[in-house]
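Everything on this sheet refers to the single structure shown next.
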Amino acid sequence: MRALLMPVSVALALATLTVPSCVEVDVTMDHQTLVVDWRDEIIYQIMVDRFEDGDPSNNYNVDVRREASYHGGDWQGIIDRLDYIESLGVTTLWISPVVKNVEEDAGFASYHGYWTQDFLAVNPHFGDLSKLQELVREAHARNIKVILDVVTNHIGQLFYYDINRNGQPDIVFFGGGGPGHGSQNPDQASDLRRASEWDPEYDRRGVQGFTALGENGPAPIEWVEMPEINRTPPNPPEFRDPRWYNRKGRVTVWETPNSASIACFAQEQCDWSDACLQDGQCDFYCDQGANICKPSFDYVREQEIKGDFPGGLKDLDTSRPDVTNKLIEVFQYWVKVADFDGFRIDTLKHQEHEFFEAFAPALRRYAKSLGKKNFFMFGEAFDGNDELLGSYTQREGVDSVFYFSYKYRVFGNVFGSGAPCDKQPWEDVASCAPKQAQIMFEERNADLNGGPRYSATPKTDGPTDAQGNPLVPQQLLVTFLDNHDVPRFLYQYPDLGRLRSALAHQLTMDGIPCIYYGTEQNFAGGPDPSNREDMWSTGFAQDGETFKFVQRLTRLRQSIAPLRRGDMHFVWASEHVNDESDAGILAYERRYDGQVALVVLNTHGEKASATHFDNTAMVTSFPAGTTVTDAFDGQSTFTVGANGTLDVEVPPLGVRILVAQ
Amino acid sequence: MRRFAWPLAAGLALSLAAPAAAQETSTRNAGSVVPSDPPPIETVKDRHWFGSYGRIGFFADPDGARGTQRQIVAFGPRLIEDNYLELDFGYIPYRGKEAQVRALITVSFFDQLFHYDGKADAKIGLRQAYVEAEKLWGTGAFAWVGSRWVRGNDIYLLNFWPMDELNVVGFGGGWRDGSTDLMLTFALNRLENGLQVQRVPVPSNGYGAQEAELLDRQKRLIAAMAEKRYGGHDGQLGLKVRLYSELHHLPSGKRYYGDSYTEFEPLPDDLGFVAGVQFGAWNMPGPGGHLNLWLRYAQGLAVYDELGTPFGLNKDRRAVDAQEFRLALAGNLELKDAAVSLQYGGYARIFKDADVNEEDFDDRQEYAFAVRPQLNLGIFTPAVEASVQLSRPNGLNPRTNQQQVAQVTQLAVIPALTFGDLIGSYTRPQLRFIYAVSLLNQAAMDYYPIDDPRSAQDLAHYIGVNAEWWFGRGGGY
């Protein structure tokens, strides 16, 4: 029997040392208010699939060679790289949508997360719910907040319009095309019509069925059952009610003329504008100068709001209270189970203002009831129309929007295409002149229906500062140079100096800066999907010049309170764009709690410029004789002259951040 | 790696401490702990022999549907398993002073019956085809080459070999005598799972395309077993202890992207091992009774078994962090005076895959236990069977986002006719009627997708008949 003892002891030793442990999963989250003042935050946008692959076990249908496929990034990957994120100095993560998606459509995968199939299930490509919770917990433990990207406008392409009523999705053709359509057959007189039942074009009446005998009423919609790609009817099941969708087909009209020219003049209607003639609405007007017919603003808005988003993303009828209430319910769920600190709301301009005036207050109340104040919601209205952007901040709508107009007019025109450049004859101020920044700032208060363009009225239960004083949308605009929907800054303006100059402005101006992942690594991808590069290809290096540049700015923003919370006061915004002494100079003070930080930027790409023109120098609020130090380079000092004048020279595309010693 | 190194060393030590032995003990009647000795060659009148295992029949639920068993653990009760057939064909080509040689071929047919589904087709597996020479030079040494299974004792009621079961192509050898078995097995496999082999069409030198294997990596296995038996002769109590170890190794390779001959992802090499011990007793409490207890630990590649495809890999795309622990028990009582037989068996299994996730639905503890008392009233052998399956994942069920303990309890009544000289638990053939009912808790129902009807059924009934047999399986040993 002694021979038995050896194997017994070996077996017991093995078992004792190596038995895997059991794990209790705690799915409850402690909700708390982490944000003291949203102006303190710097957002870092992460497209989860492209950031870091921390868990190959969830790599399903991954193909890193194809830009439109899943690449393997996941929530574990973000957890693994929190050190990097923290080192960069950003304070809030905006992560791409987490819900379960249609896997693919027309050869494109849903790696981005915007093709919802199930509003309440996680996308298994990124992990499970407990992993998502772990990400939020780990981030919160470092005082990094997490914002969730949500889509309330549409679902994925889960149904088709059965236009020919044959019960299968087709590309349908009717008619043969008459002599006027290239045919030599004089008897072939019918128009050739083509429609994709997946994605037919907009029809105000609703997508119409059609047979060889003509139209036959609204086309029924058919849910698809393709479980292999998760193209199945949506969840929760309430979303399977066809009446919950507008069913008008895809948006085809996008042009949004300036508001000054949107008036519709009946006498200028194009002859072929049948819709105008039939129902009296003005859908188009003639741009006689260009001799083309343009859609009216109202018509564009109608399509944007009621049409399917391109790609066949089916538009929810969010004018219905039941739809609104269900969307409120499903997104309250995510606040509860994952303790998010805010929402980034997709396709804002494709929904009615009234929807957000119900949705946003309900979410604020709910978050507050969980113990989370300062729940922040900002939306994406992908549009350069400042009025349209601002309109969504009114009343009890969203707390903020992406400052798209500023991205185009200032970050693009001034910092991307800035001096040396030319003033065009029709311009009062050159579009590339720094003065544009001041103009845009002042236009935030331009009249919009009797109030400021961007709301200056606090929201009920809305964002507050550290003392509990309300913060208003004008103070909280989310600034950005680029994102996943537009080409990278460096793609449009392939100049590292200009990128860093723009970053310097973004990280020293008011609002909440949002940095798209990879900007700090000089990513230069073109339009979607090329602008969604794999972050892991960089090795997460922290010794690159742009990384260090951003890092230095984020640290300054954190350490100098006026750079975060201060009011903006422009002290020099040059209109000059060529060889003038101040060409390219933009200078503004950030004033907060008796402190001042003066930021002087030179957007000129070729010469040093200074804060004077002719015999006029910049006047600051610093008392005469004050010595100010450049906090950015850490060594330069300047002495303020009489009446607060200060003449500072800044190298091409340089920045000075001056604070009193 | 250090976490891996210690058990690996232990496994190697076990292997080296018990060098070289091959003992194929098992037949389908593997509940017996008595190794099947080869029949004396002299008594084989015909050098050919035939053996078989089979279970053939059908089931229906009360609605007349076929019904499927509710199994939530890796190895559940076998009572309602699919049809299955094995055919053994053996031949003794040589017997002499230097050796006795036999060849064995086993063909398996998986669940597909022409008279049931109307398809003139079959799922066939060639499982065993090997030649073994034993009593080499008049000693206990033996050697074999070919394709075969190498396995020990099972838990019959769960159709589960808890410690040692390998299906291999390779060679082996060892020593066997009346009280000692030593075995070493060397094997390779190349599973068609995309991780070990990849074929793509490439331009031929002339016209058209021809197939090329761009990925070709074979898994290497080494298994070592040592068993010592004490007593057990003439109906006396017998005891045994068996030590068992496996090493698995997969070399590195490159997997090319589907439509590219130049772009590839590297596949690192991988490693794993098994270390286990079995304690057995037979003729306990009397003839026909036995008790086996197993303890088995696996790590890395070996966790997924030799024919399994690793999943839940770590960030290096390796399985080295995967772990599995098994504790199992099986036994049988033959109370001849009371004409009662009692089979039982169960196991606890803890599994953790190699990925980084601590909270992981794939990682779990499983428990299964089954007991089958049987009355032996001549050839009429009514039995009942009770079983329970428990599964406790370490993560959230993705359907419910809850951590749930799933349970399936099954009760069965099995009136049967059994034919044999000594009727008992392991006597076959058996013709049987089966009524079974499975009770599922909500967590078990939630294992099924919401659109699967089983996700809404907390009760499942099965009515069926089948025949089970085995014979001639030990003829080759």
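The values are calculated or read from the model by the stated rules, or taken from the named source; none is laboratory data. Everything numeric in this text was worked out from a predicted model, so none of it was measured. We place every Cβ from the backbone using ideal geometry, glycine too, and count neighbours over all the protein chains shown.
When only residues in segment B:136-160 that are farther than 30 Å from B:Y367 by Cβ and of a type in the set (A, V, I, L, M, F, W, C) count, which is surrounded by the fewest Cβ atoms within 10 Å (Cβ to Cβ)? Among them, the one singled out is B:W137. Kindly check whether there is at least one residue in segment A:27-44 that is within 13 Å of another protein chain (Cβ to nearest Cβ), surrounded by fewer than 18 Cβ atoms within 10 Å (Cβ to Cβ) and within 24 Å of the chain's Cα centre (by Cα). The answer is no, given that none of the residues of segment A:27-44 is within 13 Å of another protein chain (Cβ to nearest Cβ), surrounded by fewer than 18 Cβ atoms within 10 Å (Cβ to Cβ) and within 24 Å of the chain's Cα centre (by Cα).
Which condition number does A:Q117 fail, the rest of (1) within 14 Å of another protein chain (Cβ to nearest Cβ); (2) touching a residue at least 40 places away in the same chain (Cβ under 8 Å); (3) touching a helix residue (DSSP H, G or I) at 6+ places or on another chain (Cβ under 6 Å) being met? Checking A:Q117 against (1) within 14 Å of another protein chain (Cβ to nearest Cβ); (2) touching a residue at least 40 places away in the same chain (Cβ under 8 Å); (3) touching a helix residue (DSSP H, G or I) at 6+ places or on another chain (Cβ under 6 Å), the one that fails is (3). The set of residues in segment B:173-227 being among the polar types (S, T, N, Q) and touching a residue at least 24 places away in the same chain (Cβ under 8 Å) consists of B:S179, B:T180, B:T185, B:N189, B:N193, B:Q196, B:Q198, B:Q218.
What about A:G107, is it of a type in the set (G, A, S), more than 11 Å from chain B (Cβ to nearest Cβ) and surrounded by 21 or more Cβ atoms within 10 Å (Cβ to Cβ)? Criteria not met by A:G107.
Kindly evaluate B:Q323 against the criterion of being touching a Lys or Arg at 6+ places or on another chain (Cβ under 6 Å) and either within 13 Å of another protein chain (Cβ to nearest Cβ) or among the aliphatic types (A, V, I, L, M) (or both). When the stated conditions are applied, B:Q323 passes them.
Here B:D363 fits the description: among the acidic types (D, E), modelled with pLDDT of 95 or more and in contact with a Lys or Arg (Cβ under 7 Å, 6 or more places away or on another chain).
State whether one or more residues within segment A:355-366 are within 24 Å of A:M509 (Cβ to Cβ) and in contact (Cβ under 8 Å) with a residue 12 or more places away in the chain. No, that holds for no residue.
Summed over segment A:62-76, the residues that are out of contact with any Asp or Glu (no Cβ under 7 Å at 6 or more places or on another chain) and more than 8 Å from chain B (Cβ to nearest Cβ) give a count of 5. Selection over segment B:337-365 of residues that are farther than 19 Å from B:S387 by Cα and either aromatic (F, W, Y) or touching a His at 6+ places or on another chain (Cβ under 9 Å) (or both) gives a count of 2. For segment A:465-481, the criterion of being in a loop (DSSP other than H, G, I, E, B), touching a Gly at 6+ places or on another chain (Cβ under 7 Å) and closer than 27 Å to A:V150 by Cα is satisfied by at least one residue. With respect to B:E246, determine if the residue is acidic (D, E), farther than 30 Å from B:R176 by Cβ and part of a strand (DSSP E or B). No, not satisfied. When you look at A:N445, is it modelled with pLDDT of 95 or more and polar (S, T, N, Q), yes or no? No, not satisfied. Listed here are the strands (runs of 3 or more DSSP E) enclosed by segment A:544-661 that have at least 3 residues being at pLDDT below 95 and within 31 Å of the chain's Cα centre (by Cα), and there are none. All conditions but one from (1) under 16 Å from A:A502 (Cβ atoms); (2) of a type outside the set (S, T, N, Q); (3) buried (at least 18 other Cβ atoms within 10 Å of the Cβ) apply to A:E545; the one that does not is (3).
One line per residue, one yes/no per condition, for (1) of a type in the set (K, R); (2) closer than 22 Å to B:D154 by Cβ; (3) modelled with pLDDT under 95:
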{"residue": "B:L333", "(1), (2), (3)": "no, yes, no"}
{"residue": "B:A338", "(1), (2), (3)": "no, no, yes"}
{"residue": "B:K352", "(1), (2), (3)": "yes, no, no"}
{"residue": "B:D355", "(1), (2), (3)": "no, no, no"}
{"residue": "B:F369", "(1), (2), (3)": "no, yes, no"}
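In segment B:456-472 there is no residue matching the filter, namely being of a type in the set (V, I, T) and either within 14 Å of chain A (Cβ to nearest Cβ) or over 20 Å from B:A60 (Cβ atoms) (or both).
Taken residue by residue, segment A:413-427 has at least one member that is basic (K, R) and closer than 26 Å to A:Q492 by Cβ.
A single entry from B:G286, B:G308, B:G276 fulfils the requirement of being away from chain A (no Cβ under 14 Å) and either under 18 Å from the mean Cα position of the chain (by Cα) or β-branched (V, I, T) (or both): B:G308.
Here A:A141 qualifies as without any contact (Cβ under 8 Å) to a residue 12 or more places away in the chain and surrounded by fewer than 24 Cβ atoms within 10 Å (Cβ to Cβ).
Evaluation of B:G232 against the conditions (1) more than 18 Å from B:L271 (Cβ to Cβ); (2) out of contact with any Phe, Trp or Tyr (no Cβ under 7 Å at 6 or more places or on another chain); (3) small (G, A, S) shows that the sole unmet condition is (2). Scanning segment A:365-396 for residues that are part of a helix (DSSP H, G or I) and more than 20 Å from A:Y333 (Cβ to Cβ) yields a count of 6.
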